[in-house]
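Working notes, structure below.
No value in this document is a laboratory result; all are computed from the given coordinates. Since the model is a prediction, treat every value here as computed from it, not as a measurement. Cβ: placed from backbone, ideal geometry, glycine included. Neighbour counts: every protein chain shown.
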Amino acid sequence: MRPIRTPPPQRRIPLNVTLRKISAVKLNSKYLRLDTDVSALKKSLESVGLIHPVTINQDDELLAGARRFQAVRELGWEDIPVQVVERDALVQELISIDENLVRTPLANLDLEKYLNRGREIYESLHPAANKIDLSAEDLSTEEKAKLKEKEEQDEDSFAAITAEKTGLSKSVIKSAIKRDALASDAVKKARGDGEINATKTNEIIKLDKEAQEQILPLIANRTAKEARQIIAAAKDGGFEAAMAVCDKVVPLPREYSQMMSPMRRVNRSISRILVEELRYDGPEQRKINNELMALKNNLVQYFAMMGVDG
């Protein structure tokens, strides 16, 4: 029978921390992630014990420390050190969100959802703090400069305090919050299904949610540039104007858009090699030459297909 492990006896339990039976801790919070890989954490626990206790509320519901709890449970410990939070429900929820934001990386949609919910709670609890502007309007150069200056001075908004904890910039946090707050359910589903990316979402949320539902099918297979044109037309003239732009815009196949950025990098690198006459005779020379020769042959065939006289 597997022996029951408990926290190493040489570690004293701090005065504000107590022990709870593993079986007594309730896993009710929707923010808990109990299906992650904790193998490395288990090795640490076996070596040095649990340095940071998990956080529970007065009803023994786990608020923060899901990965630590999962590791301890998998190791077969009978008890776990806990700190009990005696705060209202909103504060407890914010603790759980905060734990998720600063621990294991979240998927994009989860990150956006947690950031936006955290903002709602934080601004409710701190009404005097700077509020995050949820508008998605296009700004002039002057307006962007003023916004940047205001952002640099901001120290007490949810974006500011979260930036310090997570290392994300305030602008990234605000953009993520806007995507969750302003996107329709259909747009969020399209994001989750990989049909549109964050760039397209940043554009389509400039429309109201009803208009987003109409325009979404028009931009799903478009490039970001094409989507921006269609959305701008919808914003100015509605669905019919967007359809008119769709009819005029020749869609760029995905293969073409995917090669634009690497093609620019390759051209820059080759130009620099030629200008500086950089010679290379190392072990990778044959592989590089073979790839460049294959590229040359493909380009010859491409120009012949397009009827371009090289």
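Report, in cubic angstrom per residue, the convex hull volume of the C-alpha atoms of the chain.
268
Using a Förster distance of 22 Å, how high is the FRET efficiency between Asp88 and Val172, based on the Cβ-Cβ distance and rounded to 0.05?
0.15
Just Arg68, Arg33, Arg272 to compare: in a GNM of the chain, with alpha carbon springs under 10 Å, which one fluctuates most?
Judging by the Gaussian network model, the answer is Arg272.
With the cut-off at 1.5 for a/c, could you classify region 136-271 from its C-alpha gyration tensor as rounded, prolate or oblate?
oblate
Please find the FRET efficiency linking Glu213 to Lys248, where r is the Cβ-Cβ separation and R0 is fixed at 30 Å, and quote it to the nearest 0.05.
0.85
Checking the a/c ratio against 1.5 first, then a/b against b/c, what shape does the Cα gyration tensor give for region 189-268?
Judged from the Cα gyration tensor, region 189-268 comes out prolate (a/c at least 1.5, a/b above b/c).
Helix-derived [θ] at 222 nm for the chain: sum -39500 (n - 2.57) over DSSP H runs of at least 4, divide by residue count, nearest 500?
Mean residue ellipticity at 222 nm (helix-derived): -19000 deg cm²/dmol.
Tell me, what HN-Hα J-couplings in whole Hz come from the Karplus equation 6.51 cos²θ - 1.76 cosθ + 1.60 at θ = phi - 60° for each residue of region 28-33, using x for Gly and Pro?
Result, ordered by residue: 9, 5, 6, 8, 5, 10 Hz.
Most fluctuating residue of Lys42, Lys150, Lys131 in a GNM of the chain with Cα springs under 10 Å: which is it?
It is Lys150.
Given R₀ = 22 Å, FRET efficiency for Leu134-Phe239 by Cβ-Cβ distance, to 0.05?
0.35
What does the extension gain come out to for Lys144 and Glu46, with contour length at 0.36 nm per residue minus their alpha carbon separation?
Value of the extension gain: 30.1 nm.
Which residue fluctuates the most in the chain, going by a Gaussian network model with Cα springs under 10 Å, if the choices are Pro262, Pro251, Pro53?
Checking each option, the largest mean-square fluctuation is seen for Pro262.
Ranking request for peptides 173-184, 276-287, 55-66: highest mean number of other beta-carbon atoms within 10 Å first, then the rest in descending order.
In descending order of packing, they fall as 173-184, 55-66, 276-287.
How much of the calculated P(r) for region 18-87 lies past 20 Å, in percent of all Cα pairs?
More than 20 Å apart: 20 percent of the Cα pairs in region 18-87.
What is the fewest-to-most order of Ile22, Ile219 by other Cβ atoms lying within 10 Å of their Cβ?
Listing Ile22, Ile219 from fewest to most nearby Cβ atoms yields Ile22, Ile219.
Take the alpha-carbon centre of region 26-67, take the same for region 115-171, and report the distance between them in whole Å.
Here the answer is 30 Å between Cα centres.
Please compute the length gained on full extension between Glu164 and Ala220, using 0.36 nm multiplied by the number of residues separating them and subtracting their Cα-Cα distance.
Working it through step by step, the gained length comes to 16.6 nm.
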